[in-house]
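Novice: Let me begin by handing over the structure; questions about it come next.
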């Protein structure tokens, strides 16, 4: 059997499939394995921001209730196995390699990284005999590889301008793409930034909208809570499981560390995300200045993000890393004109922590999922 390392090397060499406009490949893949996604109940979650957090909260509540619960999210921060979890525990490396090998023996047509990874999740959940899975979309909804599921409930957490080259250049186009996960006669929950008038004609069953807007965490908690109350109509869910479940937060979502100065790790990577991050920084640290360490992925609205950050930053340290999706520091300097270029993520964090300041200062590490693993390593 192929090793886990070789498995990942092969997976990462596959086409990323960013421009796919069809589910036929994913449907063909699933059919080869007798449609494993039909062997368990599904909650399907899309959105520009917040979908990972809401997925984690719902999965945790179901797990606390005692249901055998799968969770599929992306991207990962430190380890590929983070993407596929059973009752909170990551899939074992050996299982990833074994399932990948089995898939490769059956297919004779090109597939993308996300299609194969999604099928690995479906097969793992089926064979572990889970009761229910919370499935987060990768991009959009309509043509997302996860959209072969028939869910009990569809959730759209938020709508904002991100992945415009794939999903559309307007909020209306992006909303339509996200709404592709809505299925006939299936309840839908939407977050407060999702235009109700755009979703209402597409939802042929109940449509619920949350109202909480004070900060992302409270907003995500309310979306998850509404979803769980709907789920509880079909499967018993105690109030305590819901209450404890919605308090769970994934890593690097306004994650706070106490070092020589307070440190915030946050995977904000688009203008709506940065707007909410800056609001929360002012709320939590009203007397502090904000020093940023920033790295960005390609195909992001970097100019708009830079405009937001530069309004509030006492200083900005620009970093990149080894991940192929990260923008080089040289390219970032063309947008962040007064920022400090750094040779590495670790050195950028070290310099930011040691930098003197006239007033109390918070260090904010942000901009991309793909700088967080190195950032966490540098901070330990």
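Novice: How tilted is helix 345-354 with respect to the longest principal axis of the chain? Cα atoms for both, answer in degrees (0 to 90, nearest 10).
Specialist: That works out to roughly 40 degrees.
Novice: What's the ranking of 338-349, 186-197 by average number of surrounding C-beta atoms within 10 Å, highest first?
Specialist: 186-197, 338-349
Novice: Rounded to the nearest 500, what is the chain's calculated 222 nm mean residue ellipticity when only DSSP H runs of at least 4 contribute -39500 (n - 2.57) each, over all residues?
Specialist: -11500 deg cm²/dmol
Novice: Quick check: convex hull of the Cα atoms in the stretch 308-375, volume per residue, rounded to a whole Å³?
Specialist: Residue-normalised Cα hull volume stands at 94 Å³.
Novice: How big, in percent, is the set of alpha carbon pairs in the stretch 31-155 lying more than 24 Å apart?
Specialist: Result for the distance tail: 19 percent.
Novice: Return an integer: the convex hull volume of the alpha-carbon atoms of the chain, in Å³ per residue.
Specialist: For the chain, the hull spanned by Cα atoms encloses 136 Å³ per residue.
Novice: A follow-up question, please. Taking the Cα centre of each part, how many Å lie between the stretch 20-64 and the stretch 307-380?
Specialist: Computed from Cα coordinates, the inter-centre distance equals 33 Å.
Novice: Still on this structure, I have one more. Can you give me the three principal axis dimensions of the stretch 211-309 from its C-alpha atoms, in Å, biggest first?
Specialist: 46, 34, 22 Å, listed from the longest principal axis down.
Novice: If you don't mind, there's one more thing I want to ask. For the stretch 1-65, what log10 I(q)/I(0) values come out of the Debye formula at q = 0.28 1/Å, with one point per alpha carbon and no solvent?
Specialist: Each listed q maps to, in turn, -1.04.
Novice: For the chain, find the longest principal axis of its Cα atoms and tell me its angle to the long axis of helix 4-13, 0 to 90°, nearest 10.
Specialist: Taking the Cα atoms of the chain, the angle to 4-13 is about 80 degrees.
Novice: Then there's this: Given the peptides 221-229, 133-141, 22-30, arrange them by the average over their residues of other C-beta atoms within 10 Å, most packed first.
Specialist: Peptide ranking by packing, descending: 133-141, 221-229, 22-30.
Novice: Against the longest principal axis of the chain, how steep is helix 93-106, in degrees 0 to 90 to the nearest 10, with axes from Cα atoms?
Specialist: Between the helix axis and the principal axis of the chain, the angle is about 50 degrees.
Novice: Could you give the length gained on full extension between residue 358 and residue 232, defined as 0.36 nm per residue of separation minus the Cα-Cα distance, in nm?
Specialist: So the chain would gain 40.1 nm between residue 358 and residue 232.
Novice: Out of the DSSP beta bridges found with both residues in the chain, what percent are antiparallel (nearest 5)?
Specialist: 20
Novice: Can you tell me the order of 366-379, 286-299 when each peptide is scored by its average per-residue count of other Cβ atoms within 10 angstrom, highest first?
Specialist: The densest-packed peptide leads the list: 366-379, 286-299.
Each value in this text was obtained by applying a stated rule to the coordinates, not by laboratory testing. Here the structure is a predicted model, which is why all the values come from computation and not from measurement. In this analysis, Cβ positions are derived from the backbone assuming ideal geometry, glycine residues included, and neighbour counts consider all displayed protein chains.
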